[in-house]
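Asks: I have a structure here, written as structure tokens, and I will follow up with some questions on it.
Nothing in this text is a laboratory measurement; each read-out follows from the coordinates by a stated rule. Bear in mind the structure is a predicted one, so any value in this text is a computation, not a measurement. Methodologically, a virtual Cβ is constructed for each residue, glycine included, from the backbone with ideal geometry; neighbour enumeration extends over all protein chains shown.
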Amino acid sequence: MSDFTCFLYVFSTYSNGSGSDSDSDGNSWPPYRSPQEKEEKIRATGEEAPPTQQSARPRPDPRGIQKMASLKDKLITPVTQPATKPNNKVTVVGVGQVGMACAISVLEKGLCDELALVDVLEDKLKGEMMDLQHGSLFLKTHKIIAGKDYAVTANSKVVVVTAGVRQQEGESRLDLVQRNVNVFKFIIPQVVKHSPDCIILVVSNPVDILTYVTWKLSGLPKHRVIGSGCNLDSARFRFLMAEKLGVHPTSCHGWILGEHGDSSVAVWSGVNVAGVSLQQLNPDMGTDQDPEGWKQVHKEVVDSAYEVIKLKGYTNWAIGLSVADLLETIFGNLCRVHPVSTMVKGMYGIENEVFLSLPCVLGSVGLTSVINQKLKDDEVAQLQKSATTLWNVQKDIKDL
């Protein structure tokens, strides 16, 4: 064998066929003419030349992430990107008894495609969220979120405000006002920041004054700031009358207007069953001269919240159902008439900027119109007195 032939044999033995050497792991180095040259290079430098190419050996996946991804890819074939914004998102601010009653009532009616909860009590907030999430199988709303940061409220269509200090036994709703105003000064700007196009439904007491406060703090048009007002009072009124008459509350029609509370006005002139005016049958109905004592029904309406608070410490279920009733009208654009709190300046001789309950038409944009209900002179006088009662407290609110 010639010297040239020997050289070719040695080179082909130590070459990987591509002009470079490879070890057992597939790492390659620049080619050497002979093994001796490679050994001399190692002795001179103290180390081998760095690899120029790594093998394609897969890295270990101890958590099985790649398997999970591949399972999802095998299961689902994407067609387009899902919607990133909800259509009917509801936020409930405050996860106390009233807030959670509102939340579950809204969920049970299937009114929203996303529910957000906000509160300052982080542990309770998380617990309430998890408790509702665990019932998602039984609900139409699959996305339920919560957080202290108001960013979770973003893109809400309706924000229900229930937060505030709790009414104590024997405490008038008006006595709550200044303490709750201070709470609202933090809440409302945050709500508007993240959902500038929302409708705000105020539930916290005293609801009429706090609806006014919300309107001032939010800068929103008055048709998008609504108080739950006398929607519940009217429901109580109809229930109590129906009990006396032996009919279902839906068949007994009557309205409580004005303040949600002590100075509310029972519109006896409009009470009817199947279109039959009860005051035509009993002209003294609702007066002190009424031998049947129907005026007591209105007193029970006014006192009922205090009675429930005395018995169980708070009210929650009825107001939660009332709120869901209002949201059903708004989301469905049903144009139903509800006695809710709205700006009444210029109506029925009221001159001050106060919010009181009047029969209002609700729809998808909020409060669209007010029904001009024909009231008797004494009913108008009571409504004006209710407005004065609220204004006397409202005008003394500090730092608004």
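Asks: For the range 274-400, max minus min Cα coordinate along each principal axis, in Å, sorted largest first?
Replies: 45, 36, 34
Asks: Express as a percent, rounded to the nearest 5, the fraction of DSSP beta bridges in the range 173-332 (both residues included) that run antiparallel. Mind dumping the intermediate values first?
Replies: Values: 6 of 9 bridges.
About 65 percent, rounded to the nearest 5.
Asks: Among Leu281, Leu117, which comes first, then next, by fewest other beta-carbon atoms within 10 Å?
Replies: Starting with the residue having the fewest Cβ neighbours, the order is Leu281, Leu117.
Asks: A further question on this structure: Given Cβ point charges of +1 (Lys, Arg) and -1 (Asp, Glu) and nothing else, what value in debye, to the nearest 20, does the dipole of the range 67-176 about its Cα centre take?
Replies: Using Cβ point charges on Lys, Arg, Asp and Glu, the range 67-176 gives about 640 debye.
Asks: First check a/c for the range 97-217, with a ≥ b ≥ c the square roots of the eigenvalues of its C-alpha gyration tensor; if it is under 1.5, answer rounded, and if not, answer prolate when a/b is larger than b/c or oblate otherwise.
Replies: Prolate is the answer for the range 97-217, as a/c is 1.5 or above and a/b outweighs b/c.
Asks: Can I ask one more? Quick one: length gained pulling Ser369 to Asp284 fully straight, 0.36 nm per residue minus the C-alpha distance?
Replies: 27.4 nm
Asks: Nearest 20 debye, what's the magnitude of the dipole of the range 145-215 about its Cα centre given +1 on Lys and Arg Cβ and -1 on Asp and Glu Cβ?
Replies: 200 debye
Asks: So, one more: Which length gain, in nm to one decimal place, applies between Asp113 and Ala83 when the Cα-Cα distance is subtracted from 0.36 nm times their residue separation?
Replies: Additional length available on full extension: 9.6 nm.
Asks: Mind sorting His260, His142 by how few other Cβ atoms lie within 10 Å of their own Cβ, fewest first?
Replies: So the ranking, lowest neighbour count to highest, is His142, His260.
Asks: Taking the Cα centre of each part, how many Å lie between the range 224-268 and the range 327-399?
Replies: The distance from the Cα centre of the range 224-268 to that of the range 327-399 comes to 14 Å.
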